[in-house]
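These notes are about the structure you will find just below.
The values are calculated or read from the model by the stated rules, or taken from the named source; none is laboratory data. Given the structure is predicted, the values throughout are model-derived calculations rather than measurements. Positions of Cβ are generated from backbone atoms using ideal geometry, with glycine treated the same way; all protein chains shown enter the neighbour counts.
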């Protein structure tokens, strides 16, 4: 709600604005079944009319930029990824035995692809298990719980988790799976990697570099067999992959890197304003 009044005030005062929609614009673009879609699109139309000339859209990934700017032509943008806290120490992971412990930790919502994950688990060997952490709409959660009860104990639902309990969930997992249909960033992917857990996710997220960094896979979910992808990844050295992911998070997604990015953005806007005044 503060967005439109801030745009009006900034425009009246001639001040620059950095706008961080946190994936809201991308969600409207990607998810045709999003609630209150007509209201959201109306808001976007009004925001486009009211935004100051020198407004900058802050996005967390190139994919979010492309999808968010489709209805905001000509708007400047800055890509500054979210930061992730990398624990100083994580439990030492031993070589895996026959069990492959899959982990899902995020909001429980149809766009997250959980039903595809349930279907995939049914086609995997009985040694694979799935732990689900998160909350969502009560009716949707009840449906997932009903499916979990039919899994002979292979699917365990734990509800919301945070802090030390979240770290413990990562520590017990071999592979993190987020089969999402839409994500602006997917901070939980970064959190899993920071805890040395390799990740399997989809091209609907901005994590295409998982393959390049050797710490997971980013798949085209509608056109691949999710169960086969999980099974293939489970044959890899997941411990080594997790360590590569942890090193990547420490190097490129630290708090210091994010602070430096915003400082450069803010300084640039202030300098541009000063040059306009001098001119």
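Of note:
- For residue 84, the conditions (1) in a loop (DSSP other than H, G, I, E, B); (2) over 30 Å from residue 163 (Cα atoms); (3) modelled with pLDDT of 90 or more all hold with the exception of (2).
- Only a single criterion out of (1) assigned to a loop (DSSP other than H, G, I, E, B); (2) without any contact (Cβ under 8 Å) to a residue 24 or more places away in the chain is not satisfied by residue 66, namely (1).
- Residues that are in contact (Cβ under 8 Å) with a residue 40 or more places away in the chain and either within 19 Å of residue 15 (Cα to Cα) or surrounded by 14 or more Cβ atoms within 10 Å (Cβ to Cβ) (or both), drawn from region 54-63: 54, 55, 56, 58, 59, 60, 61, 63
Residue-wise test of (1) within 19 Å of residue 190 (Cα to Cα); (2) assigned to a loop (DSSP other than H, G, I, E, B); (3) at pLDDT below 95.
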| site | (1), (2), (3) |
| --- | --- |
| 239 | yes, no, yes |
| 245 | yes, no, no |
| 250 | yes, no, yes |
| 256 | yes, no, yes |
| 261 | yes, no, yes |
| 265 | no, no, yes |
| 269 | no, no, yes |
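- All conditions in (1) under 16 Å from the mean Cα position of the chain (by Cα); (2) surrounded by fewer than 21 Cβ atoms within 10 Å (Cβ to Cβ); (3) at positive phi hold for residue 110, with the sole exception of (3).
- Subset of region 206-216 [surrounded by fewer than 20 Cβ atoms within 10 Å (Cβ to Cβ) and either touching a strand residue (DSSP E or B) at 6+ places or on another chain (Cβ under 7 Å) or within 12 Å of residue 116 (Cα to Cα) (or both)]: 208, 211
- The number of residues in region 162-176 that are buried (at least 17 other Cβ atoms within 10 Å of the Cβ) and over 20 Å from residue 198 (Cβ atoms) comes to 0.
- Any chance residue 141 is in contact with a helix residue (DSSP H, G or I) (Cβ under 9 Å, 6 or more places away or on another chain) and in contact (Cβ under 8 Å) with a residue 12 or more places away in the chain: no
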